[in-house]
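Chemist: Take this structure first; my questions come after.
The values are calculated or read from the model by the stated rules, or taken from the named source; none is laboratory data. Being a predicted model, the structure only gives us computed values, none of them experimental. Please note: Cβ atoms are built from the backbone with ideal geometry, for glycine as well, and neighbour counts cover all protein chains shown.
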Amino acid sequence: MYSESRILCPKLKQKVMSAEDAAAMIPAGSNVGMSGFTGAGYPKAVPNALAERIKQHNAGINLENGEKPFRINVWTGASTAPELDGKLAEVDGIEMRLPFQSDPICRERINNGEMNYVDMHLSEVAQNAWSGFLGKMNIALIEVVGIREDGSLIPSSSLGNNKVWIEQADKVILEVNYKQNARLEGMHDIYYGAALPPYRKPIMLTEPAQRIGEAYLRCPSEKVIAIVETNSPDRNSPFKPSDAVSKKIAEHILEFLDKEIKVGRLPPELLPLQSGVGNIPNAVLEALDSGPYKNLTSYTEVIQDGMLQMLKSGTLAMASATAFSLSPKGIEEFDKNIEFYRNKIILRPQDISNHPEIARRLGVIAMNGLIEADLYGNVNSTHIMGTRMMNGIGGSGDFARNGYLSIFMTPSTAKEGSISSIVPMVSHVDHTEHDVKVIVTEQGLADLRGLAPRQRALEIINKCAHPDFRPQLLDYFERACASGRGMHTPHLLNEALSWHQRYEETGHMLANSK
């Protein structure tokens, strides 16, 4: 099939087969651990073949006779792509999904109650799997760059939970993807020293550039039941150019960091950066790259376009992550200059890239997005109007709770100004006020450190709320303070969620809006 095979282990060469034959080895009801993290390194061929098999099977069953539809439980590192989540969700082939997703068809089924979804801190997935909390893993379906002579695996463009899935699964199916750059070999650092309590030892990683593990995934050859050769690219979504709102948010963050350096709370090279995925985080990275900074480091989940540029310019000395999340332009740049990036990027399993102990030790500066924040600093990053899942908490909680600085950023309004991102009370809490240090919108930056609840409320309203909503927020806060119900965290319980109710009834959060 390919001029030069990447399957060098003679014993495993005998297990090469079609995606259809491999998919036939996955029984209904299986717990399937799949590779993939932010659209990188996920299996492409077998999920598609499995979806077709499920579609044909379910078309021929009689539900009235008690026949059950063909579904599986899908565990991954994080989000994948339409070829995996989308295809399987489209045929109603997923019974339960964890720990993170971003697929629109999955989202619809989750919010319609047609798919169960367990939203989890990404750092905890491996431990929960090892502890048996998630049940028994039947099959691991993992994309790799190649297979070495000794049967060890060259990881692909993400590591995620691949190590744990291979260890936990009864059987392993591999996709060897020739589209992935062979020069990825050696960029990974896979730590095999983790253990469950009471045998856990400190993870001796004291700086982002340090290596503590191995470059390859261990996989007993007897576990491998099928190998499928593919030649398909990752999902490489383009980032939108930075708009005025994103640039303003980035300005506020840079001004804040500069002040922190001047007062001695941050060194000139800052502390290791963690950045969520998206257009606003990339705008912040662009702004950092245009500033005076040099030799910064990153200890994060994903390598984005902005980080490649920072590495190239020297603003960033090195980056540690668990996956790539690049645009088509970014992947072209990476492939073209991979020899340069090989010495500046380390990919680790997500239980290490997101590990609370390491994030706390390194003093990570965490920068993540939010859906809404309330007057006292509680943040909702997952649910729309309190009930409808967007994507999931991902790794934001791992870093917000344990980082040196936790910065949450968002435009001050959504839906063309009909929704305020600052509300009296969030409709769902992912990050409590105790873990949120800074909130930023294009309006300004609220530094919440060392402030009591009522002080935080005024800081957030005056610095972050959109002018259209600011008077209404102040009015709510002042009446809550005057209510006599309690002055520590004043609320009017009969109005606290009325903004959300008003939006659902009228299409706007503003009172008396036309």
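Results for (1) at pLDDT 95 or above; (2) surrounded by fewer than 22 Cβ atoms within 10 Å (Cβ to Cβ); (3) among the polar types (S, T, N, Q); (4) outside the structural domain of Glu185 (by TED's automatic domain parsing), shown as yes or no for each residue.
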residue	(1), (2), (3), (4)
Ile94	yes, no, no, no
Leu98	yes, yes, no, no
Arg109	yes, yes, no, no
Val144	yes, no, no, no
Ser152	yes, yes, yes, no
Leu159	yes, no, no, no
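Chemist: Among Val164, Val172, which is over 14 Å from Ile7 (Cα atoms), surrounded by 16 or more Cβ atoms within 10 Å (Cβ to Cβ), in contact with a Cys (Cβ under 9 Å, 6 or more places away or on another chain) and not small (Gly, Ala, Ser)?
Modeler: Just a single option satisfies the conditions, and that option is Val172.
Chemist: Of the residues Ile203, Ile212, which single one is in a loop (DSSP other than H, G, I, E, B), outside the structural domain of Gly395 (by TED's automatic domain parsing), under 24 Å from the mean Cα position of the chain (by Cα) and more than 21 Å from Pro99 (Cβ to Cβ)?
Modeler: Residue meeting the stated conditions: Ile212.
Chemist: Something else about it: When you check Gly306 against the structure, is it among the small types (Gly, Ala, Ser), more than 23 Å from Gln210 (Cβ to Cβ) and not in a loop (DSSP other than H, G, I, E, B), yes or no?
Modeler: When the stated conditions are applied, Gly306 passes them.
Chemist: Another one. Considering every residue within segment 181-191, establish whether at least one is touching a residue at least 40 places away in the same chain (Cβ under 8 Å), among the β-branched types (Val, Ile, Thr), touching a Pro at 6+ places or on another chain (Cβ under 9 Å) and within 30 Å of Leu141 (Cβ to Cβ).
Modeler: The answer is yes, given that some residue of segment 181-191 is touching a residue at least 40 places away in the same chain (Cβ under 8 Å), among the β-branched types (Val, Ile, Thr), touching a Pro at 6+ places or on another chain (Cβ under 9 Å) and within 30 Å of Leu141 (Cβ to Cβ).
Chemist: Another question about this same structure. For segment 359-390, which residues satisfy the criterion of being within 24 Å of Pro272 (Cβ to Cβ), assigned to a loop (DSSP other than H, G, I, E, B) and not aliphatic (A, V, I, L, M)?
Modeler: Once the filter is applied, which keeps residues that are within 24 Å of Pro272 (Cβ to Cβ), assigned to a loop (DSSP other than H, G, I, E, B) and not aliphatic (A, V, I, L, M), segment 359-390 yields Gly363, Gly377, Ser381.
Chemist: Further question: Taking the residues in segment 221-247 that are in a loop (DSSP other than H, G, I, E, B) and without any contact (Cβ under 8 Å) to a residue 60 or more places away in the chain as candidates, determine which candidate is surrounded by the most Cβ atoms within 10 Å (Cβ to Cβ).
Modeler: Out of the qualifying residues, it is Ser242.
Chemist: Which one of these is free of Cβ contacts under 8 Å to residues at least 12 places away in the same chain, surrounded by fewer than 21 Cβ atoms within 10 Å (Cβ to Cβ) and among the small types (Gly, Ala, Ser): Ala215, Ala195? Let's see the steps before the verdict.
Modeler: Details: Ala215 fails: free of Cβ contacts under 8 Å to residues at least 12 places away in the same chain.
Just one listed residue meets the conditions, Ala195.
Chemist: Select from segment 112-136 the residues that are among the β-branched types (Val, Ile, Thr) and either farther than 23 Å from Arg388 by Cα or touching a residue at least 40 places away in the same chain (Cβ under 8 Å) (or both) and list them in ascending order. I'd like the intermediate steps shown before the answer.
Modeler: We begin by selecting, within segment 112-136, every residue among the β-branched types (Val, Ile, Thr); these are 118, 125.
Val125 - this is the single residue of segment 112-136 that is among the β-branched types (Val, Ile, Thr) and either farther than 23 Å from Arg388 by Cα or touching a residue at least 40 places away in the same chain (Cβ under 8 Å) (or both).
Chemist: For segment 426-514, which fully contained helices (runs of 4 or more DSSP H) count at least 1 residues that are in contact (Cβ under 8 Å) with a residue 40 or more places away in the chain and outside the structural domain of Met409 (by TED's automatic domain parsing)?
Modeler: 470-482, 498-506
Chemist: When you scan segment 58-82, how many residues do you find that are in a helix (DSSP H, G or I) and modelled with pLDDT of 95 or more? Full working, then the answer.
Modeler: Step one: of segment 58-82, the residues in a helix (DSSP H, G or I) are 58-59, 63-65, 82.
Remaining after also requiring modelled with pLDDT of 95 or more: 82.
Of the residues in segment 58-82, 1 are in a helix (DSSP H, G or I) and modelled with pLDDT of 95 or more.
Chemist: Out of (1) closer than 26 Å to Glu124 by Cβ; (2) at pLDDT below 95, the odd one out for Ala287 is which?
Modeler: So the condition that Ala287 fails would be (1).
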